[in-house]
Amino acid sequence: MNLHKSVFKKTGTAIVLSLLVACATTKKESRIVADFNPDWSFKLGDHPNAIQANFNANDWRTLDLPHDWSIEGTFSKEHSTTARQGALPAGKGWYRKTFTLPESAKNKSIAIEFDGVFCNSEVWINGHYLGKRPFGYISFSYDLTKYLNFGNQKNDIAVKVDNDAQPSSRWYTGSGIYRNVRLVTTDKLHVAHWGTYVTTPEVSKEKATVDFNVSIQNDADLPKEFKVVTTILDAKNSSVARLESAEKIAANAILEKGQKLEVKNPKLWDTKNPNLYKVVTKIYDKNTLIDEYETPLGFRYFAFDAEKGFSLNGVPTKLYGVCLHHDNGALGAVANFHAIKRKLTLMKEMGVNAIRTAHNPPSVELLQLCDEMGFIVQDEVFDVWKKKKVSNDYNKYWDEWHKQDLIDFIKRDRNHPSVMMWSIGNEIREQFDSTGVAITKELTQIVKSLDKTRPVTSALTENVPEKNFIYQSGVLDLLGFNYKHEDYGTFPERFKGQKIVASESVSAQQTRGRYDMPTDSIRFWPKKHAEPFDGNADWTVTAYDNIASYWGTTHEENWKAAKKYDFIAGTFVWTGFDYLGEPDPYPYPARSSYFGIVDLAGLPKDVYYMYQSEWSDKNVLHLLPHWNWKQGQMIDVWAYYNNADAVELFLNGKSLGSKAKKGDELHIAWKVPFEAGTLKAVSRKDGKIVKETEIRTAGEAAKINLQADKTSIKNDSYDLVYVTVSLQDKDGNLLPKADNLINFKVSGGAKIVGVDNGYQASLEPFKADYRKLYNGKCIVILQSNKKAEDITLEATTVGNINAATVSIKVE
Ligand code: GAL
């Protein structure tokens, strides 16, 4: 079994010290957080006998978690999930793991932590039932201590997962133990699960005060005397504040301890410099360290203002936000630190500074990365309350589970400095009837009882005040509005004195690399709207930003509106990435969404550069479409640019004139009769060239090109490398329509875990060693297989086209 540092060191609530399970250590250890992902047995279907100790799982498949069985399936319109949830199989499945524990663990407390199981998980240890968690996005833990065997005697843990009742969601959920699992061994006296809460009541450049609360749990039948040492460490692990106290605790009790500390000249956390600290809690029995626990900490202050919008550390800051669903494209729902980091890196480069976790508790890794990379998070918990959106969604569990799930959600996430808003729900049906009042009050009260430092919001659609009962509850701190950008100007009058954020916006559809002309008008989906979008026979949507859902608008129109009003704290675009399911405007075979600024494979669509030109500091000059058309065909050439007075366009060296954006325009456009060759744009400021960009007509396909996003990976069985595959002519120009089938062969320390090309209606499997290019490109995802051998990926295709290889080192 391998220790997975990159995930577990970053979980923010515990310190990985060493490994206990299956390789016992006799050293005196404090807290031991073991990676419990490897070596599970899995079988689809229902296997109730699997809870028994002598159960024979020989015909079960062996795999490492996290695991999503839906993504391994084949697309079909027959699946009960339907295309709305990705047209992949759901159903039931069982997981099982056998493990031993050393005798030395006998007098310890041992718990298992699950970050997320979709859904309806039930867990047994050595035949004892531990419990059930219907909500597929919630993190939970069970105390195993009473039921465990030590020494040579084995332990069997069995997990039933039931995602059979469909539809269970409005988007792809994945099925299985799709997030990480840990086994946590502590002394009987230890910091309780999610047992710390840190806030920073006063923050300035000179000084910050820290309120730190810790719950210390004594599982022993004896009272204890002990010492608690609380230290605040900066990014270099230097202590900047320390408190020590002697304590007493009764047998089988929990002690709540509040502490106040002060830090001089704190380095503030913001989106450009996400300076992090941590609080380390150490518990000593006399002089022996018996527990050590880490809590993330960042010093920042923020405010929402009804007139001026959002500010961070006193600096007015518009929220340049995107909504993200939890899936990781070809990996399905599998929560992999590196996949999430790649997603966020692409968003950061685009200029995004805020993420909304649509519409459920995110992975632990997403929040850790938002802390580390500098994103402001709107952390959202529910898409439905008591009233359903689809028949088998969370409404079924509302009465029994919503309190517990909400409490667990806040307790898990409230120490992350990146989290600055709690959203209690998205487009909740109860906003339309009076039952919404009581539920909003109840949920808000639960949140406030656990954290008063962040505003409670909800993403609303009804913007007539008297008709919106969530608003009528009067308890929301911040109003989130989805869509209806035309109404923004009326909000200050309608919602006097209220703080407002555009919690969701846009919902425009696009397919990467597809261009339909002319582009003079905006069209809306579905057809019932005045200017309908009829659709294309191949289920594509043009990548010019001029098609949108009727409830939304294009990216440009939305951003113009959000930018115009200071009182709109920011906008969360639907969505940063395409996601599985919800393939509006098409039916099957379309099976993933068209809403992303980046496609499902992680390849940016053109509008990415519109945002980059507006939201980032980078110099941008991006031209679209490609330059392979018919002689004389009239082409709409668009350019996104910034930091320049004007852009001059040249076709084969001949100037077609300069243009500049007028008023609130966000792009410039030319109509150019096509002529093969080179289209070049030059942006200038005060006569000086800022940037030059050119696109060239591609000739015959000559070679495959491979671009790996890393030159080396760790051999830890988790690290990923994403390789972008493209087809080029002899001069390196992209063949913009190529759909050749590419075959992959990998050797050394990695295996292929996913392939994709971003085409929303592709029915090729994500788990394969081949993929067709789509509009010239596809990706292959390699994952460490624990072999300490350098990796070679070879890509081949038929015809007179050169193969390509890329090498990646294994550290
Ligand atoms: C919104 C909803 C999102 C997504 C989107 C598609 O109304 O909140 O989850 O369905 O529409 O346009």
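The values are calculated or read from the model by the stated rules, or taken from the named source; none is laboratory data. Given the structure is predicted, the values throughout are model-derived calculations rather than measurements. Quick reminder, even Gly has a Cβ in these numbers, built from the backbone with ideal geometry, and neighbours come from all protein chains shown. Keep in mind that these areas ignore ligands, DNA and RNA; they rest on the heavy atoms of the full protein, side chains included. Shrake-Rupley method; radii C 1.70, N 1.55, O 1.52, S 1.80 Å.
Quickly run through the stretch 415-470 and pick out the residues that are part of a strand (DSSP E or B) and either farther than 24 Å from Gly321 by Cα or more than 15 Å from the ligand (Cβ to nearest atom) (or both). Residues satisfying the conditions are Val419, Met420, Met421, Trp422, Val456. Scanning the stretch 167-207 for residues that are assigned to a loop (DSSP other than H, G, I, E, B) and under 24 Å from the mean Cα position of the chain (by Cα) yields a count of 13. Among the residues making up the stretch 369-383, those that are touching a helix residue (DSSP H, G or I) at 6+ places or on another chain (Cβ under 6 Å), farther than 11 Å from Val419 by Cβ and open to solvent by less than 10 Å² (accessible area, probe 1.4 Å) are Leu369, Val381.
With the condition kept exactly as written, say whether any residue in the stretch 176-185 is modelled with pLDDT of 95 or more and within 16 Å of the ligand (Cβ to nearest atom). No, there is no match, as no residue in the stretch 176-185 is modelled with pLDDT of 95 or more and within 16 Å of the ligand (Cβ to nearest atom).
Number of residues in the stretch 370-402 that are part of a helix (DSSP H, G or I) and either more than 23 Å from the chain's Cα centre (by Cα) or at pLDDT below 95 (or both): the value is 7. Just checking, does the stretch 152-164 include any residue being assigned to a loop (DSSP other than H, G, I, E, B), touching a residue at least 12 places away in the same chain (Cβ under 8 Å), more than 29 Å from Asp291 (Cα to Cα) and more than 16 Å from the ligand (Cβ to nearest atom)? Yes, there is a match, as at least one residue in the stretch 152-164 is assigned to a loop (DSSP other than H, G, I, E, B), touching a residue at least 12 places away in the same chain (Cβ under 8 Å), more than 29 Å from Asp291 (Cα to Cα) and more than 16 Å from the ligand (Cβ to nearest atom). Scanning the stretch 286-305 for residues that are in contact with a strand residue (DSSP E or B) (Cβ under 9 Å, 6 or more places away or on another chain) and open to solvent by 30 Å² or more (accessible area, probe 1.4 Å) turns up Lys286, Asn287, Leu289, Glu292, Glu294, Tyr301, Phe302, Ala303, Asp305. Tallying residues that are in contact with a helix residue (DSSP H, G or I) (Cβ under 8 Å, 6 or more places away or on another chain) and among the hydrophobic types (A, V, I, L, M, F, W, C) within the stretch 299-327 yields 3.
The residues of the stretch 103-128 that are acidic (Asp, Glu) and open to solvent by less than 40 Å² (accessible area, probe 1.4 Å), listed by number, are Glu113, Asp115, Glu122. If you go through the stretch 471-485 and keep only what is at pLDDT 95 or above and within 16 Å of the ligand (Cβ to nearest atom), you end up with Leu479, Gly480, Phe481, Asn482, Tyr483, His485. The number of residues in the stretch 208-264 being in a strand (DSSP E or B), within 20 Å of Leu276 (Cα to Cα) and of a type in the set (Asp, Glu) comes to 2.
Within the stretch 315-374, the set of residues being of a type in the set (Ser, Thr, Tyr), within 29 Å of Asn395 (Cα to Cα) and more than 16 Å from the ligand (Cβ to nearest atom) comprises just one member, Ser363.
The C-beta contact set for the stretch 741-758 (first residue within 22 Å of His67 (Cβ to Cβ), second residue in a loop (DSSP other than H, G, I, E, B) and open to solvent by less than 10 Å² (accessible area, probe 1.4 Å), distance under 7 angstrom, 6+ apart or interchain) comprises Gly754/Phe766; Val755/Phe766; Asp756/Ala601; Asp756/Phe766. A count restricted to the stretch 759-799 and to residues that are over 28 Å from the mean Cα position of the chain (by Cα), part of a loop (DSSP other than H, G, I, E, B) and within 30 Å of Trp539 (Cα to Cα) stands at 3. Within the stretch 318-343, the only residue that satisfies the criterion of being charged (D, E, K, R), over 27 Å from Ala569 (Cβ atoms) and in a helix (DSSP H, G or I) is Arg342. Selection within the stretch 344-367: residues that are assigned to a helix (DSSP H, G or I) and open to solvent by 10 Å² or more (accessible area, probe 1.4 Å). The member of this set that is nearest to Tyr178 (Cα to Cα) is Val364. Taking the criterion of being under 25 Å from the mean Cα position of the chain (by Cα) and within 12 Å of the ligand (Cβ to nearest atom), the residues of the stretch 541-557 that qualify are Ala548, Ser549, Trp551, Gly552, Thr553.
Mind checking which residues of the stretch 515-572 are within 25 Å of Gly663 (Cα to Cα), in a loop (DSSP other than H, G, I, E, B) and polar (S, T, N, Q)? Matches in the stretch 515-572: Thr519, Ser521, Asn546, Thr553, Thr554.
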